[in-house]
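Visitor: Quick one: the structure is below, questions incoming.
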Amino acid sequence: MAGVEFLVSFITTGELHGLRIGSTLDEVDRAVRHPFVDVVGEEREWLRRDYGLVEFAFNPEPEPEPEQGQGQGQGSEWGMASASIPLHRLASDDDLARAWARSMGVEFPRYTSWVELRDELSRTPGVPELKNTDQGGFLQYRAVSSNVSVIVVDAEDEERGYRVGNGDVWGLDLWAPFRAS
């Protein structure tokens with residue numbers, strides 16, 4: 001699959017390889033077959049899993065109360081709180097794209113321009129409305145219905161090289177909406 005098609009699917013559905021907010025660590029392990037690095041908070045209050053081209057952040061899900069007469073459970077399960085695709089890493093790491101294509105079947109170019117992604121979105125049915133905000137050197141296009149944001153470089157002096165340039169997609173983020181208690 002081409003990278004831009006994968007990104008359009010992510011923006012439209014809020015799913016990344018079939019994973020969404022609340023997916024468990026076991027579900028991520030089954031869906032993503034690629035080397036990773038885990039970083040866990042000192043008190044196990046969070047977990048970040050970095051696959052190079054995709055990162056997931058997890059929070060511990062509370063353990064259900066054991067039924068009367070049963071022992072304590074096995075501990076809390078990690079639930080996905082966010083996911084990101086830091087595309088800017090591809091500009092300086094040719095091996096990352098090749099490794100991701102081999103393990104996950106998605107082929108990304110070194111750079112993805114917002115114009116290219118926007119054009120593909122315009123040809124896709126069911127695309128959520130994107131709200132644009134200026135983030136000081138970046139533009140954010142936020143799809144509220146899918147909880148995905150696209151961050152685009154907005155600095156005319158930024159040129160492509162070992163970094164993404166003006167108009168290129170910096171990354172995409174899947175975030176959990178705020179819920180009032």
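Visitor: Take the range 154-181 and flag every residue that is touching a residue at least 24 places away in the same chain (Cβ under 8 Å) and either exposed (fewer than 10 other Cβ atoms within 10 Å of the Cβ) or over 17 Å from the mean Cα position of the chain (by Cα) (or both). It would help to see each step written out before you state the result.
Guide: Here is the first cut: in the range 154-181, the residues touching a residue at least 24 places away in the same chain (Cβ under 8 Å) are 160-165, 167-177.
ARG160, GLY161, TYR162, ARG163, VAL164, GLY165, GLY167, PRO177, listed by residue number.
Visitor: When you scan the range 21-32, do you find a residue that is open to solvent by less than 80 Å² (accessible area, probe 1.4 Å), touching an Asp or Glu at 6+ places or on another chain (Cβ under 6 Å), of a type in the set (D, E, K, R) and at pLDDT 95 or above, even just one?
Guide: The answer is no, given that none of the residues of the range 21-32 is open to solvent by less than 80 Å² (accessible area, probe 1.4 Å), touching an Asp or Glu at 6+ places or on another chain (Cβ under 6 Å), of a type in the set (D, E, K, R) and at pLDDT 95 or above.
Visitor: Within the range 164-181, take every residue that is assigned to a loop (DSSP other than H, G, I, E, B), of a type outside the set (S, T, N, Q) and modelled with pLDDT under 95 and give me the one that is farthest from ALA91 (Cα to Cα). Steps first, please.
Guide: Just the residues of the range 164-181 that are assigned to a loop (DSSP other than H, G, I, E, B), to begin with: 164-167, 176-181.
Pick out the ones that are also of a type outside the set (S, T, N, Q) and you get 164-165, 167, 176-180.
Those still in the list that are modelled with pLDDT under 95 too: 176-180.
On the way: ALA176: 28, PRO177: 30, PHE178: 33, ARG179: 36, ALA180: 39 Å.
Here the residue is ALA180.
Visitor: Of all the residues that make up the range 10-48, how many are at negative phi and either β-branched (Val, Ile, Thr) or in contact with a strand residue (DSSP E or B) (Cβ under 9 Å, 6 or more places away or on another chain) (or both)? Before you say what the answer is, go through the steps one by one.
Guide: Filtering the range 10-48 down to residues at negative phi leaves 10-13, 15-16, 19-21, 23-43, 45-48.
Retained after the next criterion (residues that are either β-branched (Val, Ile, Thr) or in contact with a strand residue (DSSP E or B) (Cβ under 9 Å, 6 or more places away or on another chain) (or both)): 10-13, 15-16, 19-21, 23-28, 31-32, 36-41, 45-48.
So the count comes out to 27.
Visitor: Report whether or not ALA57 is aliphatic (A, V, I, L, M), in a strand (DSSP E or B) and at pLDDT 95 or above.
Guide: Criteria met by ALA57.
Visitor: Looking at LEU90, LEU16, LEU47, can you tell me which residue is at pLDDT 95 or above and either under 15 Å from GLY171 (Cβ atoms) or open to solvent by 50 Å² or more (accessible area, probe 1.4 Å) (or both)? Lay out the reasoning, then the answer.
Guide: On the way: LEU16 fails: at pLDDT 95 or above; LEU47 fails: either under 15 Å from GLY171 (Cβ atoms) or open to solvent by 50 Å² or more (accessible area, probe 1.4 Å) (or both).
Only one candidate qualifies: LEU90.
Visitor: Residues that are touching a residue at least 24 places away in the same chain (Cβ under 8 Å), open to solvent by less than 50 Å² (accessible area, probe 1.4 Å), over 18 Å from TYR51 (Cβ atoms) and touching a Gly at 6+ places or on another chain (Cβ under 8 Å): does the range 114-137 have at least one?
Guide: Checked against the condition, which is being touching a residue at least 24 places away in the same chain (Cβ under 8 Å), open to solvent by less than 50 Å² (accessible area, probe 1.4 Å), over 18 Å from TYR51 (Cβ atoms) and touching a Gly at 6+ places or on another chain (Cβ under 8 Å), the range 114-137 yields at least one hit.
Visitor: Related question: I'd like to verify a number: residues in the range 105-152 that are in contact with a Lys or Arg (Cβ under 7 Å, 6 or more places away or on another chain) and aliphatic (A, V, I, L, M), how many?
Guide: Here the count works out to 2.
The values are calculated or read from the model by the stated rules, or taken from the named source; none is laboratory data. Please read these numbers as outputs of a predicted model, since none were measured by experiment. Reconstructed Cβ throughout: ideal geometry from the backbone, glycine too, with neighbour counts over all protein chains shown. Remember, those area values only see protein heavy atoms, side chains included, never the ligands or the DNA or RNA. Shrake-Rupley method; radii C 1.70, N 1.55, O 1.52, S 1.80 Å.
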